[in-house]
Amino acid sequence: MGSRKKTPAGRRSIGKTTICETLRMVCDLCQTDSDKDVKIRKLLSEATLFAKKMNAKMTEYKRDYDKDWWVRLPKEEKKRLNKIRLDAGYKCLE
């Protein structure tokens, strides 16, 4: 088995354009320490929790409700996003 570098939750791209990945992409754009970016990251964190709860409830109703509705990201884009998010200075959603 290969070893994979551990990263904080929510940092790696999953390679699909989902609601959580879209929220991560917005976070990618809010990486300064300005008051505005800090507030945006806090709101993104809340929105991510809501999205995960909504996904859990939808899955409870119908196991494969989201089958094939998302769009797969090109490998180059996934690689680019992971490179940005694995940088030591990246500010995660908390």
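Here are the numbers for the structure shown:
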{"read-out": "Selection count where residues are surrounded by 11 or more Cβ atoms within 10 Å (Cβ to Cβ) and either of a type in the set (D, E, K, R) or more than 16 Å from I19 (Cβ to Cβ) (or both), scope segment 50-71", "value": "2"}
{"read-out": "Segment 11-51 - residue that is of a type in the set (G, A, S) and touching a residue at least 40 places away in the same chain (Cβ under 8 Å) and, of those, farthest from K78 (Cα to Cα)", "value": "S45"}
{"read-out": "Any chance L44 is under 11 Å from the mean Cα position of the chain (by Cα) and at negative phi", "value": "yes"}
{"read-out": "Top-ranked residue in segment 25-49 [being polar (S, T, N, Q) and surrounded by 14 or more Cβ atoms within 10 Å (Cβ to Cβ); ranked as farthest from K91 (Cα to Cα)]", "value": "T48"}
{"read-out": "Count - residues of segment 59-94 that are without any contact (Cβ under 8 Å) to a residue 60 or more places away in the chain, aliphatic (A, V, I, L, M), out of contact with any Phe, Trp or Tyr (no Cβ under 9 Å at 6 or more places or on another chain) and closer than 19 Å to G15 by Cβ", "value": "1"}
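Read-outs: derived from the displayed coordinates by stated rules, not from any lab. Being a predicted model, the structure only gives us computed values, none of them experimental. Please note: Cβ atoms are built from the backbone with ideal geometry, for glycine as well, and neighbour counts cover all protein chains shown.
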